[in-house]
1. When residues of the stretch 222-238 are filtered for being modelled with pLDDT of 85 or more and either farther than 20 Å from residue 191 by Cβ or loosely packed, with under 15 Cβ neighbours inside 10 Å (or both), how many remain?
2. Are any of the residues in the stretch 120-127 at pLDDT 90 or above and either in a loop (DSSP other than H, G, I, E, B) or assigned by TED's automatic domain parsing to the domain that holds residue 200 (or both)?
3. With (1) surrounded by fewer than 18 Cβ atoms within 10 Å (Cβ to Cβ); (2) assigned to a loop (DSSP other than H, G, I, E, B); (3) at pLDDT 70 or above as the list, and residue 60 as the residue in question, which single condition is left unmet?
4. Kindly provide the set of residues from the stretch 167-201 that are surrounded by 15 or more Cβ atoms within 10 Å (Cβ to Cβ) and modelled with pLDDT under 55, ordered by number.
5. Which condition number does residue 107 fail, the rest of (1) at pLDDT 90 or above; (2) touching a strand residue (DSSP E or B) at 6+ places or on another chain (Cβ under 8 Å) being met?
6. Do we have any residue at all in the stretch 136-149 that's out of contact with any helix residue (DSSP H, G or I) (no Cβ under 6 Å at 6 or more places or on another chain) and modelled with pLDDT of 85 or more?
7. Filtering the stretch 89-104 down to residues that are surrounded by fewer than 18 Cβ atoms within 10 Å (Cβ to Cβ) and farther than 22 Å from residue 138 by Cβ, which residue is modelled with the lowest pLDDT?
């Protein structure tokens, strides 16, 4: 096994993709350190690799710096199984060097978001897709620094998908929560080609109608928006978008397919006199986007076609409770 990894770049000179995923359980390998060294060296020695996927074992010191400086790699995925979570704690690359130069798809499990921020450069990095698995919850300041560094001029026309997964288990164990406001995400508004923004937050995001309109106004191609809290609190100290903000969002993002965003809790809607043609569709829309609504009062229904349909909506909403 060791001899193969040490020489595979010579034996398989045209190989373009590597995927490694194995167990380091006790007794499986007699010399784990030698195996890790061989794997790490084999990957960075191969000068034609374009994909480096699912590397799950620990790696030798200095490997990440060499890997990120590769001129050929286009896809890098460094993640670990849930039963054996590990996170990148530090990577040191001089500010004068540009890592991840030709990467188009990047997935990293990192201890803190600042580790990734330190890898960002204003030029020669145009990756369309970023997926980060965090080992700790970032503060508002760390999130804002990440957004600012990410949304540099060159990436404004290339970055299409951002996914950041927060540590559910870590937050449950430590009780750490950092409310995040719109300012933390404001720089991302400049990413005009953004199609997906998926950031399940550790706590509610503070975002009113005007801020939501500014945010999505720069994303006409947006298909997925997730800013849903892992631990929703609906605090009176936090701002939430209202139904009006939701409608503005839908008009700004005609391609939107998935939305997860906390709204101001609306318990009752008075829509008397509003045109309606399909009670079932309206009922399902209200249930999906305004789950706190418990009734659609209609004491003044006049027996018209609209009135009868709104009565059906009210009955459906009450039936969902």
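The values are calculated or read from the model by the stated rules, or taken from the named source; none is laboratory data. Please read all numbers here as calculations on a predicted model, not as lab measurements. Cβ placement follows ideal geometry from the backbone for every residue including glycine, while neighbour counts extend to all protein chains displayed.
1. Going through the stretch 222-238 one residue at a time, the tally reaches 0.
2. yes
3. Residue 60 satisfies every listed condition except (3).
4. The answer is 170, 171, 177.
5. (1)
6. yes
7. Among residues in the stretch 89-104 that are surrounded by fewer than 18 Cβ atoms within 10 Å (Cβ to Cβ) and farther than 22 Å from residue 138 by Cβ, the one modelled with the lowest pLDDT is 102.
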